[in-house]
1. Counting other C-beta atoms within 10 Å, which of Arg40, Arg14 has the fewest, and how do the rest follow?
2. Report the local net charge at Glu23: Lys and Arg +1, Asp and Glu -1, summed over other residues whose C-beta lies under 14 Å from its C-beta.
3. Only Lys, Arg, Asp and Glu count, each charged at its Cβ (+1, +1, -1, -1), so figure out the dipole size of segment 2-43 about its Cα centre, rounded to 20 debye.
4. Can you pull out the chymotrypsin sites (Phe, Trp or Tyr not before Pro) in segment 3-54 that DSSP calls coil and that have at most 12 other Cβ atoms within 10 Å?
5. For segment 15-32, what does the Karplus curve 6.51 cos²θ - 1.76 cosθ + 1.60, with θ = phi - 60°, yield as ³J(HN,Hα) per residue in whole Hz, taken in order and with x for Gly and Pro?
6. Mind listing the long-range amide H neighbours of Ser28? Cut-off is under 5 Å, sequence gap 5 or more, other chains count too, H placed in the peptide plane at 1.01 Å from N.
Amino acid sequence: MEKEKLSNQIENKRAELIELAAEEGLKSDLTIQLSQELDRLLNQYNQKYSKYQKPDFISLQ
């Protein structure tokens, strides 16, 4: 259920961002702030549900 909730939050934030960017412009402080909020949600989703897991370390052999 949490995955669906997070997915809905992402979609709502994305719609809000598109509307705000159309009204305020892409360089608006509010648009940038909302874009960063969307980035955080997307990062959270990817960390929890991504099939690809980045290794904790990189071996340079």
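1. Arg40, Arg14
2. -3
3. 160 debye
4. Passing both the DSSP loop test and the Cβ count: Tyr52.
5. Whole-Hz 3J(HN,Hα) from phi for segment 15-32: 5, 5, 5, 4, 5, 5, 4, 5, 7, 9, x, 6, 8, 5, 4, 5, 5, 5.
6. Correct list: empty.
Here, each number is a calculation from the coordinates, and none is a lab measurement. Being a predicted model, the structure only gives us computed values, none of them experimental. Reconstructed Cβ throughout: ideal geometry from the backbone, glycine too, with neighbour counts over all protein chains shown.
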